[in-house]
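Novice: Quick one: the structure is below, questions incoming.
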Amino acid sequence: MKVCSVELKSNEAIICLLSLSEGLFSLPDCRARRVTLMDVKSTEHLKKFQFDFAKLMADYKVDKVVIRERPTKGKFAGGAIGFKLEAAIQLIDGLDVETLSAAEIKESLKQTPLPIPFGNTGLKAFQESAFTTAVAYLNR
């Protein structure tokens, strides 16, 4: 199964592709580490973001998209733009999308810790949350 995990920050979706086959994790190469919404007020730019994300998922034959859930209230609440991006991703036809809460991620990683230290993955530091989300989802 190939999973694309997404962490939404400001006007961009930070992504990490991870696949699990016969108990082994692999990090497929990906041409993009993030997909950005250039103009948050423009309908055309939002449609372009949605198209670009859908094209990326189709090109890499992603089975499941897992979005790291953000709280709606409190100090660490997600912003309006992030929720707009989440809705745009969830509304892509033919794409299987699920959200995963911080509590679910923490519980999954507690039961089955990361198979390798993040520093050995070759991913950029800003992709760490997306990576841990993917590992947590695949370990459930």
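Novice: GNM on the chain, C-alpha springs below 10 Å: top fluctuator among 69, 104, 22?
Specialist: 22
Novice: Could you pull out the trypsin sites (Lys or Arg not before Pro) across the stretch 4-46 that fall in loop regions by DSSP (anything but H, G, I, E, B) with no more than 13 other Cβ atoms inside 10 Å?
Specialist: Sites meeting the loop and neighbour criteria: 31, 41.
Novice: Provide the descending list of Cα extents for the chain along its principal axes, expressed in whole angstroms.
Specialist: 42, 37, 26
Novice: Which of the aspartates and glutamates could a cross-linker bridge to residue 41, judged by Cα under 18 Å and excluding same-chain residues fewer than eight apart?
Specialist: 12, 52, 86
Novice: Right, something else. Excluding residues on the same chain fewer than 8 positions from residue 2, give the aspartates and glutamates whose Cα lies under 15 Å from its Cα.
Specialist: The reachable aspartates and glutamates, counting only those whose Cα sits under 15 Å from residue 2, are 22, 29, 59, 63, 96, 98.
Novice: Mind giving me the FRET efficiency for residue 21 and residue 43? R0 is 41 Å, r the Cβ-Cβ distance, nearest 0.05 is fine.
Specialist: Here the calculated transfer efficiency is 0.55.
Novice: Per DSSP helix of 4 or more residues, -39500 (n - 2.57); summed, then divided by the residues of the chain. What does that give at 222 nm, rounded to the nearest 500?
Specialist: Value at 222 nm, helices only, nearest 500: -11000 deg cm²/dmol.
Novice: Next question, about the same structure. Would you kindly derive the ³J(HN,Hα) couplings of the stretch 109-118 from the backbone phi angles with the Karplus curve 6.51 cos²θ - 1.76 cosθ + 1.60 (θ = phi - 60°), listing them in order in whole Hz, with x for Gly and Pro?
Specialist: Here the 3J(HN,Hα) series is 6, 5, 6, 9, x, 4, x, 9, x, 4 Hz.
Novice: With a 1.4 Å probe and every protein chain left in place, tell me how much accessible area residue 76 has, in Å² to the nearest 10.
Specialist: The value for residue 76 is about 150 Å².
Novice: Another question, if that's okay. Once phi is turned into ³J(HN,Hα) by the Karplus curve 6.51 cos²θ - 1.76 cosθ + 1.60 with θ = phi - 60°, what whole-Hz value does each residue of the stretch 72-80 show in order, with x for glycine and proline?
Specialist: 8, 9, x, 4, 9, 4, x, x, 4
Novice: If I build a Gaussian network model for the chain, linking alpha-carbon pairs within less than 10 angstrom, which residue out of 116, 105, 67 has the largest mean-square fluctuation?
Specialist: Result: 116 has the largest fluctuation of those listed.
The values are calculated or read from the model by the stated rules, or taken from the named source; none is laboratory data. What you see is a predicted model; the values in this text were computed from it and never measured. Every residue, glycine as well, gets a Cβ built from its backbone with ideal geometry; the counts of neighbours run over all protein chains shown. The protein model used for the area step is the full one, side chains on, heavy atoms only, and it has no ligands, DNA or RNA in it. Shrake-Rupley method; radii C 1.70, N 1.55, O 1.52, S 1.80 Å.
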